[in-house]
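Please find one structure pasted underneath; my questions will follow.
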Amino acid sequence: MVTPQVPEFKLKYTNQTIPAIGFGSGTAWRIKKSSVGTDGPVMDDLVDQVKQAIQSGYTHIDTAEAYFTHTEVGLGIRAAGVPREKLFVVDKWSPAVKAKTGSSGPYESLTTALKDMDLDYVDLYLIHHPFNIDNLEESWKEMEKLYEQGLTKNIGVSNFNVELLERIKKVATIPVMINQIEFHAYLQEQTPGIIEYCKENDIVIEGFCPLAPITRAAPGPIDDLLLQLAEKYGKSQTQILLRWVYQNGVLPLTTSSKAERLVEALNIFTFELDPEDVNKISEVGKGKTYKAF
């Protein structure tokens, strides 16, 4: 199996890079984990999927406190047999989980997660969402402490709007490096002005739910266009949507239980959409608004 060369996004503050597509261990697994109890047995199928993703060519692995999948992600990483330094592991502090468990904040949450994953550090640590945060400014200072101690190589946020990013900017000595938001053809601005603001402030944008137009929001106005473009390029609708996200300067996060689907997604870097087709998807997509989260 030949793995396509995956390009990278550069993080300006640290001068490090992040692989331009990521494998997520998110919503479906959180739901499954919750159904059996967050302290339940290890989900071997998720361990196998993380291993499979890495062996298929994914070096960017995304998890979060709210998914309750740290143990499985850590086991999958070890089972894959790929050197740790070749992977880019992303984790997120979830304030809503903090509210339930009583953990004191991002510092305690990451140190606990590292033990659960049996890792010395993560490559990126995010504040998962802006809800249930007692003091955003103090929480960001904890994020900076994690960075300064080398427990994370980069720091950022998820689901943050311009106003909240400005609040952090006023107190930060280390800037927000990434904002992970929902991004797809039916949601091209999760919040007003967020794409432009992030690009102007050198904040890399990660996009979750990039396939929502075909996995969650169908039928919709983009359906016929996707069929036409899939035929034009000889690619799947999945590849067309992921490539559209990438050509908008956004890093897509995706997932699958099937190795062939994982490789299919990696192959978005073997072709390019014509600019006019990128614009067509954007314009037609504006005919419907859909928020998965």
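The values are calculated or read from the model by the stated rules, or taken from the named source; none is laboratory data. For clarity, every value in this text was computed on a predicted model and none was experimentally measured. Neighbour counts are summed over all protein chains in view; Cβ atoms, including those assigned to glycine, are modelled from backbone coordinates with ideal geometry. Surface accessibility is based on the protein's heavy atoms, side chains included, excluding ligands, DNA and RNA. Shrake-Rupley method; radii C 1.70, N 1.55, O 1.52, S 1.80 Å.
Quick one: would you say Val82 is within 22 Å of Leu151 (Cα to Cα), surrounded by 22 or more Cβ atoms within 10 Å (Cβ to Cβ) and at pLDDT 95 or above?
No.
Yes/no per residue for (1) out of contact with any Cys (no Cβ under 9 Å at 6 or more places or on another chain); (2) assigned to a helix (DSSP H, G or I); (3) more than 20 Å from Tyr186 (Cβ to Cβ):
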position: Ser256; (1), (2), (3): yes, no, yes
position: Ile268; (1), (2), (3): yes, yes, no
position: Thr289; (1), (2), (3): yes, no, no
position: Ala292; (1), (2), (3): no, no, no
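Something else now. Among the numbered conditions (1) touching a residue at least 40 places away in the same chain (Cβ under 8 Å); (2) among the aliphatic types (A, V, I, L, M); (3) open to solvent by less than 40 Å² (accessible area, probe 1.4 Å), tell me where Val278 comes up short.
Only one criterion in (1) touching a residue at least 40 places away in the same chain (Cβ under 8 Å); (2) among the aliphatic types (A, V, I, L, M); (3) open to solvent by less than 40 Å² (accessible area, probe 1.4 Å) is unmet by Val278, namely (1).
Failed condition for Arg261, given (1) surrounded by 13 or more Cβ atoms within 10 Å (Cβ to Cβ); (2) free of Cβ contacts under 8 Å to residues at least 24 places away in the same chain; (3) over 30 Å from Leu126 (Cβ atoms); (4) not polar (S, T, N, Q), with all others met?
Here Arg261 clears every test but (3).
With the condition being surrounded by 18 or more Cβ atoms within 10 Å (Cβ to Cβ) and touching a helix residue (DSSP H, G or I) at 6+ places or on another chain (Cβ under 6 Å), I'd like the strands (runs of 3 or more DSSP E) fully within the stretch 151-229 carrying at least 3 qualifying residues.
In the stretch 151-229, there are no strands (runs of 3 or more DSSP E) which contain 3 or more residues that are surrounded by 18 or more Cβ atoms within 10 Å (Cβ to Cβ) and touching a helix residue (DSSP H, G or I) at 6+ places or on another chain (Cβ under 6 Å).
Please go through the stretch 263-281 and pick out each residue that is of a type in the set (Asp, Glu) and closer than 15 Å to Asn248 by Cα. Quick ask: steps written out before the conclusion?
Start the filter on the stretch 263-281 by keeping residues that are of a type in the set (Asp, Glu), which leaves 264, 272, 274, 276-277.
Matches in the stretch 263-281: Glu272, Asp274, Glu276, Asp277.
May I ask you to list the residues in the stretch 151-169 that are under 21 Å from the mean Cα position of the chain (by Cα) and not aliphatic (A, V, I, L, M)?
Within the stretch 151-169, Thr152, Lys153, Asn154, Gly156, Ser158, Asn159, Phe160, Asn161 meet the criteria.
Hey, Leu136 hits all of (1) more than 19 Å from His70 (Cβ to Cβ); (2) open to solvent by 20 Å² or more (accessible area, probe 1.4 Å) but one; which does it fall short on?
(2)
Note down all Cβ pairs under 8 Å where the first residue falls in the stretch 59-71 and is part of a helix (DSSP H, G or I), the second is open to solvent by 20 Å² or more (accessible area, probe 1.4 Å) and modelled with pLDDT of 90 or more, and they're at least six residues apart or on different chains.
Glu65/His128; Ala66/His128; His70/Asp116; Thr71/Asp116
Here's a follow-up. For the stretch 111-134, give me each residue that is closer than 18 Å to Ala96 by Cα and among the acidic types (Asp, Glu).
Within the stretch 111-134, Asp134 is the sole residue that qualifies.
Consider Lys51 against the criteria (1) open to solvent by 30 Å² or more (accessible area, probe 1.4 Å); (2) modelled with pLDDT under 85: it satisfies all of them except one. Which criterion is unmet?
Status for Lys51: all satisfied but (2).
Is there any pair linking a residue in the stretch 72-86 that is farther than 14 Å from Asp44 by Cβ to one that is open to solvent by 50 Å² or more (accessible area, probe 1.4 Å) and charged (D, E, K, R), with Cβ under 6 Å and at least six apart or on different chains, and which?
Ala80/Lys51
Filter the stretch 15-48 down to the residues that are closer than 19 Å to Lys86 by Cβ and polar (S, T, N, Q), then identify the one that is modelled with the lowest pLDDT.
For the stretch 15-48, the residue satisfying everything is Ser25.
Would you confirm, using the coordinates I've provided, whether Asn267 is open to solvent by 20 Å² or more (accessible area, probe 1.4 Å), touching a Pro at 6+ places or on another chain (Cβ under 6 Å) and not hydroxyl-bearing (Ser, Thr, Tyr)? Write out each step before concluding.
On the way: open to solvent by 20 Å² or more (accessible area, probe 1.4 Å): yes; touching a Pro at 6+ places or on another chain (Cβ under 6 Å): yes; not hydroxyl-bearing (Ser, Thr, Tyr): yes.
Yes; evaluated as a whole, the condition is true for this residue.
Select from the stretch 237-258 the residues that are in contact (Cβ under 8 Å) with a residue 12 or more places away in the chain and exposed (fewer than 15 other Cβ atoms within 10 Å of the Cβ) and list them in ascending order.
The answer is Gly249, Ser257.
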